[in-house]
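Participant: There's a structure below that I have some questions on.
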Protein chains: 2
Amino acid sequence: MSQNPLRQQRLLPSHGWGLAAIYFGGWLGSAAMRLDSQTTMPRYASVREMEVAIAEIRREITKSDGVEGGEDIISTDPEDLLAHGYSEWSTTNPDGLPVAVAYPRSTEQVSTLVRVCHAHRVPVIPYSGGTSLEGNFSAPYGGISVDFAYMDRIIQFNKDDMDIVVQPSIGWQDLNDQLAAMDSGLFFPIDPGPSAKIGGMIGTNCSGTNAVKYGTMKDWVINLTVVLADGTVIKTRRRPRKSSAGYNLNSLFVGSEGTLGLVTEATLKLTVVPEELSVAVVTFPTIRDAASAAAEVMQTGIPVAAMEIMDEVQMRVVNLGGATSPRVWKEMPTLFFKFAGTKASVSENIQNVAKITGRNRGSNFEFAKDAREQKLLWSARKESLWSMLALRKAGEEVWSTDVAVPFSRLADIIEVSKKEMDDLGLFASILGHIGDGNFHESIIYNRADVDERAKVETCVKNMVQRALDMEGTCTGEHSVGWGKKDSLLLEVGPATLGVMKAIKTALDPHWILNPGKIFDRQYLA
Amino acid sequence: MSQNPLRQQRLLPSHGWGLAAIYFGGWLGSAAMRLDSQTTMPRYASVREMEVAIAEIRREITKSDGVEGGEDIISTDPEDLLAHGYSEWSTTNPDGLPVAVAYPRSTEQVSTLVRVCHAHRVPVIPYSGGTSLEGNFSAPYGGISVDFAYMDRIIQFNKDDMDIVVQPSIGWQDLNDQLAAMDSGLFFPIDPGPSAKIGGMIGTNCSGTNAVKYGTMKDWVINLTVVLADGTVIKTRRRPRKSSAGYNLNSLFVGSEGTLGLVTEATLKLTVVPEELSVAVVTFPTIRDAASAAAEVMQTGIPVAAMEIMDEVQMRVVNLGGATSPRVWKEMPTLFFKFAGTKASVSENIQNVAKITGRNRGSNFEFAKDAREQKLLWSARKESLWSMLALRKAGEEVWSTDVAVPFSRLADIIEVSKKEMDDLGLFASILGHIGDGNFHESIIYNRADVDERAKVETCVKNMVQRALDMEGTCTGEHSVGWGKKDSLLLEVGPATLGVMKAIKTALDPHWILNPGKIFDRQYLA
């Protein structure tokens, strides 16, 4: 794991925010943000300088927007700081918290804030849903967390063009609820964790169960309004669905985790709600059989809307969680399928998939019997992380991480990774977007138990190395954040990382935007 | 139009290469490549310095690879230079030709060449199919054209993972022929002009008729091997189909027209050949009726494999071209549909589309009656540019350009643009990828007729401005090249262009890679 040079070897609070004030006090006491200029670390403002910058931001925004938009947009409440710098479901939490949380109401306010931070070398960390898993919104060097909570609206809906302009803090589920309420017949198909919001979804290039049919976040962005590191506001493109005009800045900002700019508006493609939807479940004697069936579905080109794998442990977690009660699922390796399209095509696809799963020792092929059960079943899948979190005993944490491999290798990596966890006596479940070769491992462990934590870290490190050895990636959809910087370096090597960092330096010369994420400056080639 | 500062006001040869030696001689005589360092133009090597660099490349490659790989890889034959610096189907051809054409056999040779060129400030211009339309491979500042003709192989085929590793000079049609010959059941779906090759397809982020179903080039790239401006070789990723690990360098290099690096290898996704294919044609009384029908097809979510519009002029061109002889098509605005999938879904889609076109005053809904007619019909569409070229009389040229708009605006822009051309007495046809809001205008004109050329330029300029006013883009799939630099600036504005140029400067500080394309250095913010 990458080490924060300011690391204080102090355990973080594991549950609740009761320790917020103490923790925050501890951090403030240690603040030595002005780093030695002889290292290649960026030199950030001291806490005192950050306070000067905050006062300046307040002044500037009050001046231009009046009191309503000014004095109130910045909070230094300790609980607010903890909520924006620490995550109980993240694999890692570096020491450090933001010194303030800003709640801007407009692109102009974000621009003012970033411009002042640029001048004072104050880190700026974007925040929307707060559901990321790799310390993506942590504040290892202090600075200002920019929470887009008040920028959560639909700005413009272009129904005929099947696109929509939104602010960063609208959630994907809320967006779809609003589209349904308008009876638009359209929806936005990217489906990460339930509480994720568009801003963070852009930052992490997220995806979800629908990716096998609809792709990932980058495939649904038409243009972005971005506040650059010096406060300049740009728009990546106008509103064509397709373009070859110049560099593809959409795909550069998508997945850059706020390290190149803060997205304040996005135009997203929408697609047509399918006429018919169906969900089916099949069990298999082994993960390998399930993976073989899934590979055959892909190689036959059957257009499934989603295809998920869950191991026997994860099925047990679903039963224990009780979300589909009174229905109890077989605790065996299981494939979940979603089918979408016209009635005729859905029926045809189901028949073809049933044949393939049958050939691969699948049994108990069955459907959710109605729309309610469909929804429960799918939500059981979507809520899997929260189900795991709910199983924690006092003092326990969940380590949830993801990798992706070419899909012919998925059975291999799952088998070996499961065996390693079992051998170490860890309680761990596996589920995956098998059509994308992407899977998640969730491990329950006691953070205070140094040996157990070491075992988990070893398991995760080995799994990532295995994925890389199989020509895969250290993260299919969670992104790098603070937690997987070493893995990214292993994955792409210093020269490719050097290209990324050259781009970072070109667009953010003082490295104020979400510092400590994706890579550290000292690796600069 | 952007002006080459070295412009000599000399007419380019319009047909054939008979003038090659004269033209090349003229260029050499004027070569003043060392520009005034007080301007912000990059300072490139003089012709003499380029010759020194070429000798050095020859020496280095001979030393490492022996005579076979060395002495032969660089040509200075005048016809070769003309063929690599001038295009008879491009909208613009700047003055200037490369001083040499290199034919590397390996990534290592490309790396050596670029490293030496970097040291000597010699422009390097990648070349593969040579079918681009906006002067993309022209050599306004001399330098070395790198023709990948000898790097045209499949390196590795991962059938189970449905991906393939190829070199840049394999054509997409050749790739698909080889996949068919291997009975793989797989194909690569991006279908630009028939002779396009993977390298240039990556450079321009091309697409084609299949884009409405399969997306554009950027959606099919898993990783790239790229030689950077200083000769460093990087690989953007390993081989996962999905990743959130670090910046999306694939999508940055795709569409960057060789200005950020030379692609020497690409891993591409493949997809399953559909079980059933069908092609249908419907005529409409007006372009607006055809556009309305197409919009309804999109808004209903019918998964057509392609949906193309051709105006009455383009239909006449098809008839005149004789490719589908003896069949003669109605010379009316026409929609072409391609359907792909299972037998049942194709049949269902056809019925749904027939209903929609009927509602929108479509008539003569009919199918290509067999596979041969399907192929002819579709190739008539694909060959449309060449059909136009075949209609030229002595001294005539074809100006073929593209724009894209949100698809609700397509009928508006086509109607106005057609009227303007008709009013000016120009012979022009329109065809488009209507599902993407992308269309092409091809105009026949006499280059020597200064008035006529001015009319064409005005028409194109107005059409681009109209597209931008409708929130569109100056190019949906042809890319910017030399010809549309001013349009790109109008489209995105100086701040967004500044971001692109900051990235360019970070990765290619001497601007040696395909200089003069996409943007000019003097606009740097």
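Participant: Within segment A:395-411, take every residue that is open to solvent by 10 Å² or more (accessible area, probe 1.4 Å) and not small (G, A, S) and give me the one that is modelled with the lowest pLDDT.
Facilitator: A:F407
Participant: I'd like to check something: does segment B:482-501 contain any residue that is at the interface with another protein chain (Cβ under 8 Å from one of its Cβ atoms), β-branched (V, I, T) and assigned to a loop (DSSP other than H, G, I, E, B)?
Facilitator: The answer is no; no qualifying residue exists.
Participant: If you check B:P192, B:P240, which single one turns out to be buried (at least 24 other Cβ atoms within 10 Å of the Cβ), more than 30 Å from A:I503 (Cα to Cα), within 11 Å of another protein chain (Cβ to nearest Cβ) and not hydroxyl-bearing (S, T, Y)?
Facilitator: So the residue among B:P192, B:P240 that is buried (at least 24 other Cβ atoms within 10 Å of the Cβ), more than 30 Å from A:I503 (Cα to Cα), within 11 Å of another protein chain (Cβ to nearest Cβ) and not hydroxyl-bearing (S, T, Y) is B:P192.
Participant: Quick one: B:A390 ticks every box in (1) within 25 Å of B:G215 (Cβ to Cβ); (2) at pLDDT below 90 bar one, so which box is it?
Facilitator: Unmet for B:A390, out of (1) within 25 Å of B:G215 (Cβ to Cβ); (2) at pLDDT below 90: (1).
Participant: Under 8 Å by Cβ, and 6 or more places apart or on different chains, what pairs join a residue from segment A:224-241 that is within 18 Å of B:L488 (Cα to Cα) and in contact (Cβ under 8 Å) with a residue 60 or more places away in the chain with one that is of a type in the set (K, R) and open to solvent by 10 Å² or more (accessible area, probe 1.4 Å)?
Facilitator: A:T225/A:K235; A:R241/A:K269
Participant: Can you name the residue in segment A:152-175 that is surrounded by fewer than 19 Cβ atoms within 10 Å (Cβ to Cβ) and farther than 18 Å from B:R409 by Cβ and, of all such residues, is farthest from the chain's Cα centre (by Cα)?
Facilitator: A:I155
Participant: Which ones in segment A:428-438 are aliphatic (A, V, I, L, M) and within 14 Å of another protein chain (Cβ to nearest Cβ)?
Facilitator: Within segment A:428-438, A:I434 is the sole residue that qualifies.
Participant: Evaluate segment A:318-329: report whether one residue or more is modelled with pLDDT of 95 or more and more than 14 Å from chain B (Cβ to nearest Cβ).
Facilitator: No, every residue in segment A:318-329 fails to be modelled with pLDDT of 95 or more and more than 14 Å from chain B (Cβ to nearest Cβ).
Participant: I've got another one for you. Starting from residues that are open to solvent by 10 Å² or more (accessible area, probe 1.4 Å) and within 21 Å of B:W89 (Cα to Cα), keep the ones in segment B:418-427 and report whichever is nearest to the other protein chains (Cβ to nearest Cβ).
Facilitator: Only one residue fits best here, namely B:L426.
Participant: Kindly establish whether B:V353 is open to solvent by less than 40 Å² (accessible area, probe 1.4 Å), modelled with pLDDT of 95 or more and not in a helix (DSSP H, G or I).
Facilitator: no
Participant: Considering only residues that are within 14 Å of chain B (Cβ to nearest Cβ), outside any loop (DSSP other than H, G, I, E, B), among the aliphatic types (A, V, I, L, M) and in contact with a helix residue (DSSP H, G or I) (Cβ under 8 Å, 6 or more places away or on another chain), which ones fall in segment A:119-166?
Facilitator: A:I164
Participant: Taking B:S256 as the residue in question, decide whether it is among the polar types (S, T, N, Q) and more than 8 Å from chain A (Cβ to nearest Cβ).
Facilitator: Spelling it out, it is not the case that B:S256 is among the polar types (S, T, N, Q) and more than 8 Å from chain A (Cβ to nearest Cβ).
Participant: Something else now. Within segment A:203-236, take every residue that is facing another protein chain (nearest Cβ under 7 Å) and basic (K, R) and give me the one that is most open to solvent (accessible area, probe 1.4 Å).
Facilitator: Looking at the filtered set, the residue picked out is A:K235.
Participant: For residues that are of a type outside the set (V, I, T) and out of contact with any Phe, Trp or Tyr (no Cβ under 6 Å at 6 or more places or on another chain), tally how many sit in segment A:262-281.
Facilitator: Residues in segment A:262-281 being of a type outside the set (V, I, T) and out of contact with any Phe, Trp or Tyr (no Cβ under 6 Å at 6 or more places or on another chain): 7 in total.
Participant: Out of A:G358, A:G301, A:G322, I need the residue that is free of Cβ contacts under 8 Å to residues at least 12 places away in the same chain, surrounded by fewer than 21 Cβ atoms within 10 Å (Cβ to Cβ), under 28 Å from the mean Cα position of the chain (by Cα) and not assigned by TED's automatic domain parsing to the domain that holds A:P406. Which one?
Facilitator: The unique qualifying residue is A:G322.
Participant: Can you pull out the residues in segment A:129-186 that are of a type in the set (D, E, K, R) and under 25 Å from B:G437 (Cα atoms)?
Facilitator: A:K159, A:D160, A:D161, A:D163, A:D183
Participant: Let me ask you something else. Say whether the condition of being touching a Pro at 6+ places or on another chain (Cβ under 8 Å), open to solvent by less than 10 Å² (accessible area, probe 1.4 Å) and assigned to a loop (DSSP other than H, G, I, E, B) is met by at least one residue in segment B:266-277.
Facilitator: There is no residue in segment B:266-277 that is touching a Pro at 6+ places or on another chain (Cβ under 8 Å), open to solvent by less than 10 Å² (accessible area, probe 1.4 Å) and assigned to a loop (DSSP other than H, G, I, E, B).
Participant: Next question. Considering only residues of segment B:465-481 that are more than 7 Å from chain A (Cβ to nearest Cβ) and open to solvent by less than 10 Å² (accessible area, probe 1.4 Å), which is nearest to B:I202 (Cα to Cα)?
Facilitator: B:G481
Participant: Here's something else I'd like to know. Which numbered condition in (1) in contact (Cβ under 8 Å) with a residue 60 or more places away in the chain; (2) part of a helix (DSSP H, G or I); (3) within 17 Å of the chain's Cα centre (by Cα) is the only one that B:G193 fails?
Facilitator: (2)
Participant: When you scan segment A:278-304, how many residues do you find that are part of a loop (DSSP other than H, G, I, E, B) and within 12 Å of chain B (Cβ to nearest Cβ)?
Facilitator: Of the residues in segment A:278-304, 3 are part of a loop (DSSP other than H, G, I, E, B) and within 12 Å of chain B (Cβ to nearest Cβ).
Participant: Among the residues of segment B:38-90, write down those that are outside any helix (DSSP H, G or I), more than 30 Å from B:M388 (Cα to Cα) and modelled with pLDDT of 90 or more.
Facilitator: Selection gives B:Y44, B:A45, B:S46, B:I74, B:S75, B:T76, B:D77.
Participant: Within segment A:176-189, can you find the residues that are open to solvent by less than 10 Å² (accessible area, probe 1.4 Å) and in a helix (DSSP H, G or I)?
Facilitator: A:L179
Participant: Looking at this structure, is B:T131 open to solvent by 30 Å² or more (accessible area, probe 1.4 Å) and farther than 21 Å from A:Q299 by Cα?
Facilitator: When the stated conditions are applied, B:T131 passes them.
Participant: Only residues that are open to solvent by less than 10 Å² (accessible area, probe 1.4 Å) and without any contact (Cβ under 8 Å) to a residue 12 or more places away in the chain: list them for segment B:485-525, please.
Facilitator: B:T496, B:V499
The values are calculated or read from the model by the stated rules, or taken from the named source; none is laboratory data. What you see is a predicted model, and the numbers here were worked out from it, not measured in a lab. Backbone-built Cβ (ideal geometry, glycine too); neighbour counts: all protein chains shown. Ligands, DNA and RNA are stripped out before the accessible areas are found, and what is left, the full protein with its side chains, is counted by its heavy atoms. Shrake-Rupley method; radii C 1.70, N 1.55, O 1.52, S 1.80 Å.
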